[in-house]
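Student: Structure incoming, see below.
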Amino acid sequence: MSSSIEIIAIGDNNENGRSLERNVGLLLTSLGFKDLRYNIHRTGEEVDVSARHRLSNEPIMAQCKAHQDPIKTPPVRLFFGDLEKERQDNPRTSGIFVSLSGFIGTACEWYDELEDEVKDYFKLLDGNKFCSYLQKEGLLSSFDNMISIIQARTSLPIKEISLLLTEIGFFWKVVTWKQETGQKYISFLNNKGGSPNRNDIEYLLKRINLLDAKHILLQSHHNVIKYLYNESVSSVKKIAETINESEDDIYATIDELKAQALVEERSNKIFLRTEIDTFISLFKEAATEDSIIDFMLSNYFNSTINIIPNYISAKYLVELDEQEIESLVRIIKISPKALEIGLLGDSTKYRNNEDHIRKINLPKAKAEEWRTLRKSDFFSQFYEFLLSDLKDQKNSPLVKKYEISAYVNRFQIKLGKRFELYLSLSGETNTMWVQLDGEIKAGQLLSATGPGPLLLNADTLAAMGEDEKAIKIYDGIIENYPNSEGAVAAINNKGLIFLKLKNTKEAIPLFEIAKKEKFAEEVALKNLARCYAIKHQYGCVEKICNKLIYKKLDEHGNIDDFKQQLLKIS
């Protein structure tokens, strides 16, 4: 769809003129003007809106036209003459001419020929420019945002979007349609994309000709779905009574939901469908409507969740055993972010990885090793989102349902010295105890973390001088994530602890292993050179430095400075 919006002032000739004037007044108020006056009649002139800026007291006058045809040159020149007359008394006066239908070519050409100085205080605004000012001032949702809101509430194709200007504010008119039958549906949203109240809808329906279209409430769409979350089947009459909508509106809404394959109707009973496409559509709508917790606590979610692991497994090309499927279900039951990444996340890198394994025809054992690493990375992102969601207060109903206890440990550090600035630091750590439909097996969550968080923890301990604890974690990474980049980093960083202790006998073999991986080669070689400098084996140091230069691994080109540092070490 084009981002150009049809803007319509609705009502009879008098009413649509007033609608535009009142909405221009709203814009001026937002821009900082006050003392608004409408339809000021003076000798030989008529001004639709006038105001003064609340800070500078500068006057402004506006002409407003809600005609169907573009405005010709004479009205523009006439208003400009009135503006120049006002500026004789007050040269700070500015003017805007707003025409929803725009201006004909000759009027635009006439305006273009004006001096830049004149254009600073005299503006022409067509419908789209007027709309952009409203959006900049936050009076109107953006067109792209409206598209997102509408698509979250209906999967029917959007045929048309119009902005309606009324005496009671701005409204969006949305026309969707069912391609198979050509049936059109008209819905209204308020200026920010919310649902108008019933009085506003009745006001709009009196001024809009539906022709062959049916009016539906996009909010009815959402209300019907929310009602069906916890009802296995229901009748139209019961739905209408429960959500307080007319049966005609509910029938039209059910017709639209059936067109989207979200509901089925059998023997006059309505129920939500349980296919994976329907589940994903309902999840996306719930996320947009900020009702994701209601969705995840619903009977529908709990009765359908077991179909999700197979979909996620196929999407990310990871084979899951029974225990891993159980773990995945437990995570996505309590983490909206994990569920979102599972359903809607980008699986490109996983698919590319599998394609690469097949193209280079890896031996079976090596291919399985790489697939195991891919699975570890896959679970790692789910675990990270789980921890993030456990700390989010919005998810407390899920936390309560699945008996998750969270403990926060706060700490504060203050450093001070007399006559100098002092430093105050504070922070907190979070501990979660989780019980999810049964016992969590030893190592189950560890296998989902990936080496990254563990490596960060070990590096932190090493920096604090907790060498034994750090080495224990490094060894765990090396053992549990063999052949990964994390394991290589752990080998190198374990070597750094021994290097710090000048234990070159333990350090050198570790750096020899790390240098075999291209991404770690430069760092590991430099660490080896430091070891040989401690041992006063300068021939080895020189050899390593030459190798760095030869292989173009000296990234910053400061090999001479590096040699000087080694002399200081020795």
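Student: Using alpha carbons only, how many degrees (0 to 90, rounded to 10) separate the axis of helix 143-153 from the longest principal axis of the chain?
Tutor: With both axes taken from Cα atoms, the answer is about 80 degrees.
Student: Rounded, prolate or oblate: which fits the range 320-381, taking a ≥ b ≥ c as square roots of the Cα gyration tensor eigenvalues, rounded meaning a/c under 1.5, else prolate when a/b beats b/c?
Tutor: On the way: a/c = 3.53, a/b = 1.78, b/c = 1.99.
Cα axes put the range 320-381 in the oblate bin.
Student: List the pairs from LYS192/LYS226; LYS366/LYS516; LYS366/LYS505; LYS364/LYS472; LYS333/LYS472; LYS34/LYS129 whose alpha-carbon separation is above 26 Å, in the order I gave them.
Tutor: Working: LYS192/LYS226 22 Å; LYS366/LYS516 18 Å; LYS366/LYS505 32 Å; LYS364/LYS472 32 Å; LYS333/LYS472 33 Å; LYS34/LYS129 22 Å.
Over 26 Å Cα-Cα: LYS366/LYS505; LYS364/LYS472; LYS333/LYS472.
Student: Follow-up. Quick one: which residues, 5+ away or cross-chain, put their amide H under 5 Å from the amide H of GLU160? H built at 1.01 Å from N.
Tutor: Correct list: VAL175.
Student: For the charge dipole of the chain, defined by +1 on Lys and Arg C-beta atoms and -1 on Asp and Glu C-beta atoms about the Cα centroid, which residue among ILE270, PHE283, ALA514 has the Cα displaced farthest towards the positive pole?
Tutor: ALA514
Student: So, how do all the Cα-to-Cα distances of the range 231-387 break down into 10 Å bins, in percent, from 0 on up?
Tutor: Per 10 Å bin, starting at 0, the Cα pair percentages come out as 9, 32, 27, 17, 10, 3, 1.
Student: Can you give me the relative contact order of the chain as a percent, contacts being Cα pairs under 8 Å and 6 or more apart? Mind showing how you got there, number by number?
Tutor: Details: 732 pairs, mean separation 37.8, N = 570.
Averaging sequence separation for qualifying contacts and normalising by length gives 7 percent for the chain.
Student: Semi-axes of the equivalent ellipsoid for the range 174-233, please: Cα gyration tensor eigenvalues, times 5, square-rooted, ordered largest first, whole Å.
Tutor: Values for the range 174-233, descending: 22, 18, 10 Å.
Student: Could you work out the relative contact order of the range 1-118, using alpha carbon pairs under 8 angstrom and six or more residues apart, expressed as a whole percent?
Tutor: Numbers: 152 pairs, mean separation 24.5, N = 118.
21 percent.
Student: Further question on the same structure: For the chain, find the longest principal axis of its Cα atoms and tell me its angle to the long axis of helix 364-390, 0 to 90°, nearest 10.
Tutor: Roughly 50 degrees between the two axes.
Student: Rounded to the nearest 20 Debye, what is the dipole magnitude of the range 125-253 about its Cα centre when Lys and Arg each give +1 and Asp and Glu each give -1 at the C-beta? Before the final figure, lay out the partial values.
Tutor: Values: 15 positive and 15 negative charges, 33 e Å.
Dipole size: approximately 160 debye.
Student: Let me ask something additional. Translational diffusion coefficient of the range 451-569 at 4 °C, 1.567 mPa s, Stokes-Einstein with Kirkwood Rh over Cα pairs, in µm²/s as a whole number. Let's see the in-between values first.
Tutor: Numbers: Rh = 14.6 Å.
The estimated diffusion coefficient comes to 89 µm²/s.
Student: If you don't mind, another one. Using DSSP loop states and a limit of at most 15 other Cβ atoms within 10 Å to flag chymotrypsin sites (Phe, Trp or Tyr not before Pro), what is the longest stretch of the chain containing no flagged site?
Tutor: The longest such stretch corresponds to 1-401.
Student: Of the chain, which part is the longest with no trypsin sites (Lys or Arg not before Pro) in a loop (DSSP not H, G, I, E, B) and with at most 15 other C-beta atoms within 10 angstrom? Before the final figure, lay out the partial values.
Tutor: Details: sites that count: ARG54, LYS72, ARG92, LYS192, LYS391, LYS417, ARG418, LYS441, LYS502, LYS516, LYS535, LYS551, LYS552.
The longest such stretch corresponds to 193-390.
Student: Give me the number: length gained by fully extending LYS364 to GLU6, i.e. 0.36 nm times residue separation minus the C-alpha to C-alpha distance, one decimal in nm. Intermediate results must be reported in sequence, preceding the final value.
Tutor: Values: separation 358, 0.36 × 358 = 128.88 nm, distance 6.09 nm.
Taking 0.36 nm per residue and subtracting the Cα distance, the gain is 122.8 nm.
Student: Where the centroid of each part is defined by its Cα atoms, how far is the range 350-376 from the range 299-325 in Å?
Tutor: Between the Cα centres of the range 350-376 and the range 299-325 lies a distance of 21 Å.
Student: Work out the FRET efficiency for SER234 and LYS400 from their Cβ-Cβ distance, taking R0 = 30 Å, and round it to the nearest 0.05.
Tutor: Working: r = 27 Å, r/R0 = 0.91.
After rounding, the FRET efficiency stands at 0.65.
Student: Give me, ordered by chain and number, the residues 5 or more places off SER235 or on other chains with an amide H under 5 Å from its own placed amide H.
Tutor: Here ILE270 satisfy the definition.
Student: Sequence-distant or interchain residues sharing an amide H contact under 5 Å with GLY95, placed H: which?
Tutor: It is MET61, PHE122, LYS123, by chain and number.
Student: May I pose another question? Residues with beta-carbon under 11 Å from that of GLY17, excluding GLY17: net charge, scoring Lys, Arg +1 and Asp, Glu -1? Each step should come with its number before you reach the end.
Tutor: Numbers: positive: ARG18, ARG22, LYS65; negative: ASP12, GLU15, GLU21, ASP48, GLU167.
Here the charged neighbours net out to -2.
Student: Once both axes come from the Cα atoms, what is the angle between helix 127-136 and the longest principal axis of the chain, in degrees from 0 to 90, rounded to 10?
Tutor: 50 degrees
Student: Moving on to the next point. At 0.36 nm per residue, and after removing the present C-alpha to C-alpha distance, how many nm does the segment from LYS129 to PHE519 gain when stretched out fully? Intermediate results must be reported in sequence, preceding the final value.
Tutor: Working: separation 390, 0.36 × 390 = 140.40 nm, distance 5.29 nm.
Result: 135.1 nm gained on full extension.
Student: Less than 15 Å apart at the alpha-carbon level, and either on another chain or at least 8 residues along: which aspartates and glutamates does that give for LYS85?
Tutor: Within reach: GLU45, GLU46.
Student: What is the mean projected area of the alpha carbon convex hull for the range 215-284, to one decimal in square nanometres? Kindly include the intermediate steps, with their values, before the conclusion.
Tutor: Working: hull surface 17.2 nm².
Computing the convex hull of the Cα atoms and averaging its projections yields 4.3 nm².
Student: Using just the Cα positions, wrap the range 78-193 in a convex hull and report its mean projected area in square nanometres, one decimal place. If you can, show how the numbers build up before the last one.
Tutor: Details: hull surface 39.9 nm².
Quarter of the Cα hull surface area: 10.0 nm².
Student: Antiparallel as a % of all DSSP beta bridges within the chain, to the nearest 5? Don't skip to the answer; put the middle values down first.
Tutor: Values: 43 of 61 bridges.
So the antiparallel bridges in the chain amount to around 70 percent.
Student: Nearest 500 deg cm²/dmol is fine: what mean residue ellipticity at 222 nm does the chain get from its DSSP H runs of n ≥ 4 alone, each adding -39,500 (n - 2.57), divided by its residue count?
Tutor: Details: 27 runs with 310 residues, N = 570.
Theoretical 222 nm ellipticity from helices: -16500 deg cm²/dmol.
Student: Per the Debye formula with a single identical scatterer at each Cα and no solvent contribution, what log10 I(q)/I(0) holds for the range 143-273 at q = 0.11, 0.13, 0.16, 0.21 Å⁻¹?
Tutor: Treating every Cα as an identical point scatterer, log10 I(q)/I(0) equals -0.37, -0.53, -0.80, -1.31.
Student: Quick check on the range 6-136: take the gyration tensor over C-alpha atoms, sort the square-rooted eigenvalues as a ≥ b ≥ c, and tell me if it's rounded (a/c under 1.5), prolate or oblate. Walk me through the intermediate numbers first.
Tutor: Values: a/c = 1.38, a/b = 1.10, b/c = 1.26.
Rounded.
Readers should treat all values here as calculations from the given coordinates under stated rules, not as data from a laboratory. Since the model is a prediction, treat every value here as computed from it, not as a measurement. Using ideal geometry, Cβ is built from the backbone for each residue, glycine included, and neighbour counts are taken over all protein chains shown.
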